[in-house]
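What follows is calculated from the coordinates using simple rules that are stated; it is not laboratory data. Remember, it's a predicted structure, so these values are computed and weren't measured experimentally. Neighbour counts are summed over all protein chains in view; Cβ atoms, including those assigned to glycine, are modelled from backbone coordinates with ideal geometry.
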Amino acid sequence: MHKIPVIAAPMFLISEPKLVLAQCRAGVIGSFPSLNARPASQLDDWLSQLNADLLTLRAQGETPANYAVNLIVHKSNTRLEADLALCLKHKVPRVITSLGANSEVYAACRAAGIEVLHDVTTNAYAHKAIDKGATGLIAVCAGAGGHAGMQSPFALVREIREWFSGPLALSGAIATGEAILAAQVLGADYAYIGSAFIATEEAQASLAYKQAIIRGQAADIIYTNTFTGIPGNYLRESIEKAGLDPAHLPEPESMVDFAKVTNAKVWKDIWGSGQGIGAIREIMSVRAMVERWTHEYAVARHKLRL
């Protein structure tokens, strides 16, 4: 299979080794958040098994893509040091950092020859990450699932490319082969895709969540900081099921005791999603989804004579 320039975004509770391995076998870079491994000791097992599985596939003649591990570098993550140590031990190919640039993490990864991509929503954050030692960037633009920025990819990618020539991925409503090509045309090296993978057979998401993805359109995405204090995109359906009015969500400080407002668990029952889900209309395997994108990508290249 021709490999398209895609990094699968790491999704909380959804991205686990089964999904990551399927993504790698389909020819895209798979990823998962280290915090999905619970208890923390499970991360050691996951990385051992992933590396063993990929080694076996290569010995059998397959050419899977590699993978990345997402580390939350915010001070609230008490596992950061231990999870980073395991990434170094297992020589993971890439690390993706989120919620804060961390020079110590970057230095440790560089010393081990590990590429580090950092999530940014503005050009100022991009400068800060590179100044602290990140080797690459992920421009998280308007329409991206979960914690997302508000800037247009046309603006943010251009501003970053004026001074940075290293690895750059683009996130924001990408769910077709044409959009993957568009990311490259804008100047990104990779398309960074999350929400579309929720509606795959291998994703660790409930059937209700997957069905909401395939029913949804851009108008069904609510951008709010209510649930985590950081602005992000969430499915309207999950907010309504929690007994909340998407048009009148309370301010974050009033949601400290969420149980007083709803029985739903924010981390589990409020579903993140990007605006690109209008292109997803059925639950399918990761391989089938990537094959569809590969075909769409090739057709778009041909139309543009690229």
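Before moving on, here are some points about what is shown:
- Under Karplus coefficients 6.51, -1.76 and 1.60, residue-wise ³J(HN,Hα) of the range 213-224 in Hz, glycine/proline x: 4, 6, 7, x, 9, 4, 5, 8, 9, 10, 9, 8
- Neighbours of L13 by Cβ distance under 10 Å: Lys/Arg scored +1, Asp/Glu scored -1, total +1.
- 3J(HN,Hα) along the range 108-113: 5, 5, 4, 5, 8, x Hz, from the Karplus curve 6.51 cos²θ - 1.76 cosθ + 1.60 with θ = phi - 60°, whole Hz, x for Gly and Pro.
- Placing +1 on each Lys and Arg Cβ and -1 on each Asp and Glu Cβ, with no other charges, gives the range 27-164 a dipole about its Cα centre of roughly 120 debye.
- Amide H to amide H distances under 5 Å link H118 with T97, G136, L137, I138, where only residues 5 or more positions off or on other chains count and H is placed in the peptide plane.
- Ratio Rg/Rh [Cα only; Rh per Kirkwood] for the chain: 0.95
- Summing charges over neighbours of L117, with a neighbour being any other residue whose Cβ is under 15 Å away from its Cβ, gives +1 when K and R count +1 and D and E count -1.
- Sorted by Cβ neighbour density within 10 Å, fewest at the top, the residues L88, L43: L88, L43
- Whole-angstrom gap from the range 149-208 to the range 263-306, using each part's C-alpha centre: 11
- Alpha carbon centroid spacing (whole Å) that separates the range 223-248 from the range 57-126: 29
- Simple spin-label estimate for R158 and K241 in nanometres, 7 Å along Cα-Cβ: 4.0
- 17 Å cut-off, amide nitrogen to a point 7 angstrom out along I230 Cα→Cβ, residues in the range 1-43: 9-15, 32-37
- Other-chain or far-sequence residues with amide H under 5 Å of A191's (modelled H): V6, I7, L170
- Amide proton proximity set for R94, modelled H, under 5 Å, gap of 5+: Y67, V69
- For the range 155-306, the number of Lys pairs separated by eight or more positions or lying on different chains, with C-alpha atoms closer than 28 Å, is 8.
- Among C24, A9, G146 - extreme Cα towards positive end, dipole of the chain, charges at beta-carbon: C24
- In sequence order, calculated HN-Hα J values of the range 21-38 (Karplus, 6.51, -1.76, 1.60; Hz; x Gly/Pro): 5, 5, 5, 4, 5, 7, x, 10, 6, x, 7, 8, x, 4, 5, 6, 7, 9
- For A59 and R38, a Förster radius of 45 Å and the Cβ-Cβ distance give a FRET efficiency of 0.90, rounded to the nearest 0.05.
- Potential lengthening of the chain between V266 and N77 amounts to 66.3 nm, from the contour at 0.36 nm per residue minus the alpha-carbon distance.
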